[in-house]
Amino acid sequence: MDGLGVLLITANIGSMCDEPEEIEKSWLQEFYKTVQDHQPGFIALHLQEFGGKNYQENMGLAENFIRRLIQSDEMSPYNCVQTFIDKDFTQAERFTALASVYFIHESLRSVQIYDFQEKNFMSVSGHTMWMGSLEDCPTVHKERFPQDFWQEFAWTRKGFMKTRWLVNGRMFDLVNLHLFHDASNLVSSDCSPSVYSANRRRGLYHVLSRLKDDSNTPFFLFGDFNFRLDLKSLIQAQGWSSSGTKGTDGQTTVYEQDGEVQLIMKCKRFEHQNAKVFLDENVHMLLRFDHEPVSFLDELTEVQISFPPTYPFSENTTKPSEFMGTRCPAWCDRVFMSHTARALLQKGYHREACVRYGRIGGDVCMGDHKPVFLYFEMETKHDHPKN
């Protein structure tokens with residue numbers, strides 16, 4: 001049996017697309033460093049918010065970023081690249097702003113991608129880039145959440161897209177996903193679980209139902225889940241007292257303890273007086289309030305998290321390790337998998353000792369989201385000698 005190193009990376013690059021000159025260089029350096037550290041044979045890079053908030057203006061810049069990445073000297077050993085970019089924002093009912101890039105190392109000899117129209121696998125070679133609405137692309141399945149999915153919310157650019165692979169005899173699906181955000185901290189803290197959490201739960205169940213098919217194909221589901229900590233429970237656990245005030249900017253809630261202000265919260269502000277509580281040494285405590293994945297444990301699993309939250313970070317390049325005072329820090333960016341996919345992680349030479357799950361660029365500005373990676377070594381069925 002021949003072992004295969006697989007590197008899965010998810011990154012919401014919306015803020016990088018809006019400030020490419022300031023963030024792009026460091027983003028690429030951290031990406032190259034992660035690849036160099038692990039030297040995988042297969043890389044899957046899932047991007048969300050492609051083009052940023054001003055995608056009408058910045059889509060071309062984002063496309064050029066992908067081209068520079070693919071054509072870089074650092075990625076030259078990956079002589080086969082398959083790229084899928086949903087960039088046609090004129091089709092508002094279909095646009096997801098998702099992009100998926102797959103790098104295949106020159107040492108791999110047996111890699112195929114599934115044709116969903118012909119229902120068979122086809123060989124891949126060279127650099128292939130699909131752009132546009134992707135509706136005519138046979139090797140990717142893309143869906144945006146229906147516009148009438150929630151009558152009371154105007155969600156945009158949220159959905160998923162899937163590719164299926166056969167690599168050295170192992171078949172698996174790779175699914176890029178972007179779920180719904182929290183619009184207001186005040187609404188989020190009203191109840192437990194929050195209304196936004198319920199929306200994400202419904203959305204993810206919708207995706208899981210769409211992924212089911214007769215093949216029972218193992219799948220890796222990674223992207224921006226927008227999972228948030230249970231804010232009401234987190235605040236209650238601190239034992240703070242609260243007061244509500246009205247200001248020119250709308251409602252403000254102030255939480256105090258022993259007469260000292262601990263948290264000032266507004267619709268889009270989260271001013272915690274001790275941001276260190278969200279750093280490494282408190283990860284285990286914070287995970288107690290990471291409730292949203294629990295509903296899906298029958299169908300999904302995740303490697304144990306040991307890194308701090310991935311969002312929201314300052315976009316100031318001089319403050320790359322500081323959280324932005326807009327939202328409660330949380331693990332929005334995740335890599336989940338089916339239980340059959342989890343079994344593949346246990347088939348490497350050293351089993352799960354080779355599995356690494358972490359955050360990229362902790363000390364470097366990479367936008368408001370820190371990318372997340374999962375690396376594992378997978379036992380494959382084909383042992384192809386290198387030329």
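Descriptive notes on the structure:
- Number of the condition not met by Q112 [criteria: (1) within 27 Å of Y205 (Cα to Cα); (2) without any contact (Cβ under 8 Å) to a residue 60 or more places away in the chain]: (1)
- Evaluated against (1) within 29 Å of E30 (Cβ to Cβ); (2) surrounded by fewer than 17 Cβ atoms within 10 Å (Cβ to Cβ); (3) in contact with a helix residue (DSSP H, G or I) (Cβ under 6 Å, 6 or more places away or on another chain), S295 falls short on exactly one condition, (1).
- Filtered residue count, segment 82-107, keeping only those that are open to solvent by less than 20 Å² (accessible area, probe 1.4 Å), without any contact (Cβ under 8 Å) to a residue 60 or more places away in the chain and farther than 18 Å from W27 by Cβ: 0
- Hey, R68 within 22 Å of the chain's Cα centre (by Cα), closer than 22 Å to V140 by Cα and open to solvent by 50 Å² or more (accessible area, probe 1.4 Å) or not: no
- Taken over segment 156-205, residues that are in contact with a His (Cβ under 9 Å, 6 or more places away or on another chain), without any contact (Cβ under 8 Å) to a residue 60 or more places away in the chain and among the basic types (K, R) amount to 2.
- Only one entry in R327, R334 is more than 15 Å from the chain's Cα centre (by Cα), at pLDDT 95 or above and buried (at least 22 other Cβ atoms within 10 Å of the Cβ), namely R327.
- Number of the exception - S306 against (1) open to solvent by less than 40 Å² (accessible area, probe 1.4 Å); (2) touching a residue at least 12 places away in the same chain (Cβ under 8 Å): (1)
- Qualifying residue in segment 175-188 (condition: at pLDDT 95 or above, within 20 Å of L45 (Cα to Cα) and open to solvent by 20 Å² or more (accessible area, probe 1.4 Å)): no
- Condition check for E22: in contact (Cβ under 8 Å) with a residue 24 or more places away in the chain and more than 20 Å from M75 (Cα to Cα): yes
A quick yes/no check of all residues on (1) among the polar types (S, T, N, Q); (2) under 25 Å from E379 (Cα atoms); (3) not in a strand (DSSP E or B):
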residue	(1), (2), (3)
R164	no, yes, no
L177	no, no, no
P193	no, no, yes
V207	no, no, yes
N216	yes, yes, yes
N226	yes, no, yes
L229	no, no, yes
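- Taking first residues from segment 117-135 that are in contact (Cβ under 8 Å) with a residue 40 or more places away in the chain and partners that are assigned to a strand (DSSP E or B) and open to solvent by 50 Å² or more (accessible area, probe 1.4 Å), the Cβ contacts under 6 Å between residues at least 6 apart in sequence or on separate chains come to F121/Q112.
- In this structure, F145 does not qualify as touching a strand residue (DSSP E or B) at 6+ places or on another chain (Cβ under 7 Å), surrounded by 14 or more Cβ atoms within 10 Å (Cβ to Cβ), closer than 26 Å to I43 by Cβ and aromatic (F, W, Y).
- Among the candidates D213, D258, D280, residue that is more than 28 Å from the chain's Cα centre (by Cα) and either of a type in the set (A, V, I, L, M) or open to solvent by 40 Å² or more (accessible area, probe 1.4 Å) (or both): D258
- Scanning segment 221-230 for residues that are at pLDDT 90 or above and farther than 28 Å from I85 by Cα turns up at least one hit.
The values are calculated or read from the model by the stated rules, or taken from the named source; none is laboratory data. Treat the numbers as computed from the prediction; the structure is a model and nothing was measured. Positions of Cβ are backbone-derived with ideal geometry, glycine not excepted, and every protein chain shown enters the neighbour counts. Ligands, DNA and RNA are stripped out before the accessible areas are found, and what is left, the full protein with its side chains, is counted by its heavy atoms. Shrake-Rupley method; radii C 1.70, N 1.55, O 1.52, S 1.80 Å.
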